[in-house]
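Quick notes on the structure that follows.
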Amino acid sequence: MSDFEKIALIENEIQAQFLDAKLNELGIPHAIISYHDSALDGIFQTQHGWGHVEASYEFRTEILALLNDYK
């Protein structure tokens, strides 16, 4: 996971679940990072988006295409 980098922002939890399922289906190693912080009651999610997806740069095009298909 050390070669992972931030690929794209995720707008909401539904988009995160969709992307996670598709990436698992394709066998693409990734991490979905939520910006939720229970101590601050999710304030970062309203300011910065729900979270982001991290993966190796080599999968960037496929991930962005999936996100584009979702929208």
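The table that follows gives values for the structure above.
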| item | result |
| --- | --- |
| Residue check for residue 56: at pLDDT 95 or above and either at positive phi or open to solvent by less than 60 Å² (accessible area, probe 1.4 Å) (or both) | yes |
| Every residue from segment 1-22 that is surrounded by 14 or more Cβ atoms within 10 Å (Cβ to Cβ) and in a helix (DSSP H, G or I) | 13, 15, 16, 18, 19, 20, 22 |
| Test: residue in segment 8-29 that is at pLDDT below 85 and over 13 Å from the mean Cα position of the chain (by Cα) | no |
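The values are calculated or read from the model by the stated rules, or taken from the named source; none is laboratory data. Quantities reported herein were computed from a predicted structural model and do not represent experimental measurements. Heads up, the Cβs are rebuilt from the backbone with ideal geometry, glycines too, and the neighbour counts pull from every protein chain shown. When the accessible area is computed, the model is the full protein with side chains, heavy atoms only, and any ligands, DNA or RNA have been set aside. Shrake-Rupley method; radii C 1.70, N 1.55, O 1.52, S 1.80 Å.
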